[in-house]
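Enquirer: Would you mind keeping the following structure in view while I ask a few things?
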Amino acid sequence: YLLSDFSNDGRFLALLATRDGSVRVDVYDFRRHKLTEYPLAPRFPPLVPNPDWVWLDNRHLAIAAYPDGEGPWPLTFRRAIGSRLMQSWEKSWQGKEASVDQYDSSATDIAQPLPGRLLVVDVESGHIQQLASGQFSALRPSPDGRWLAAVRQSKLPQTTLEHPRIDWTFARSVLTVFSLNGDRTERDIAPDLDVLPDSMEWNPSNKELAWCAWHAGSGLRSGNFWIADPSRAAGAA
């Protein structure tokens, strides 16, 4: 087990469980003295040792999860590589799947969303709600509990030898804000900007969110700091 964060009131503790080559989310209830396991594998952002999840309040845990059947490669490597090879060989011998992968070049202006899902777990009732599909990172709830900011990530465009990629970024990240009231609708803020995920911060005294971003395709070094109120228009530099 990897111990993580307490809920806001200290009743629940989120844990990461690794067993038999799989990773799962566990939550311990100190009031009931009960451990509950959820069949979810939270994402680990590159170079970050902690899973991408955050408590929204005393009982709701938001999780950026892998698709079903997948998990963080560093924690499932030994078991998963053997299982994956066995499954691949079996499909190939049965004629269900080719034994060779083919990769095609992609156009620089086509966004290819990365797989995953953004979930909210009610750890008291056990109910799991999916907010959106796709790979998300940098979950940031607003101080007043009204919003959840995150970045929706897509595959970086293919580079050329003449213009190699020199930024320390692993995906294109578009800022998305989810309303935590009512039907939990979502909206993209300044979709033409590529956001540096770890730069996102809420102002603790009001409703504004600040972040560092650059126009898609221009590179991190041309970035600026932006600020926006999610209930209003797009951000301003």
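Enquirer: Could you list which residues have their amide H under 5 Å from that of ARG117, counting only those 5 or more apart in sequence or on another chain, with H placed in the peptide plane?
Expert: ALA65, GLY134, PHE136
Enquirer: Still on this model: Per residue of segment 121-136, in order, report the coupling 6.51 cos²θ - 1.76 cosθ + 1.60 (Karplus, θ = phi - 60°) as ³J(HN,Hα) in whole Hz, putting x for Gly and Pro.
Expert: Values, residue by residue: 9, 8, 6, 7, 9, x, 6, 10, 10, 8, 7, 6, 9, x, 8, 10 Hz.
Enquirer: What order, most packed first, do the peptides 6-16, 54-64, 27-37 have when packing is the mean number of other Cβ atoms within 10 Å of each residue?
Expert: The most tightly packed comes first, giving 54-64, 6-16, 27-37.
Enquirer: Still on this structure: Based on the mean of other beta carbon atoms within 10 Å per residue, what is the order of 116-125, 178-187, most packed first?
Expert: The peptides rank, most packed first, as 116-125, 178-187.
Enquirer: Let me ask you something else. Under the Kirkwood approximation applied to all pairs of distinct alpha-carbon atoms, what is the hydrodynamic radius of segment 152-237 in Å?
Expert: Kirkwood hydrodynamic radius for segment 152-237: 14.0 Å.
Enquirer: Counting only protein heavy atoms and a 1.4 Å probe, tell me what percentage of segment 187-237's accessible area is made up of carbon and sulfur.
Expert: C and S atoms contribute 55 percent here.
Enquirer: Now for a different question. In sequence order, what are the phi-derived ³J(HN,Hα) couplings for segment 82-96 according to the Karplus relation 6.51 cos²θ - 1.76 cosθ + 1.60 with θ = phi - 60°, rounded to whole Hz, with x for glycine and proline?
Expert: In residue order, the calculated couplings are x, 5, 5, 5, 4, 5, 5, 4, 5, 5, 5, 5, 8, x, 8 Hz.
Enquirer: Oh, and also: Roughly how many nanometres apart are two label points built 7 Å out from the Cα toward the Cβ at GLU90 and HIS163?
Expert: 4.6 nm
The values are calculated or read from the model by the stated rules, or taken from the named source; none is laboratory data. All values derive from a computational prediction rather than experimental measurement. Methodologically, a virtual Cβ is constructed for each residue, glycine included, from the backbone with ideal geometry; neighbour enumeration extends over all protein chains shown. When the accessible area is computed, the model is the full protein with side chains, heavy atoms only, and any ligands, DNA or RNA have been set aside. Shrake-Rupley method; radii C 1.70, N 1.55, O 1.52, S 1.80 Å.
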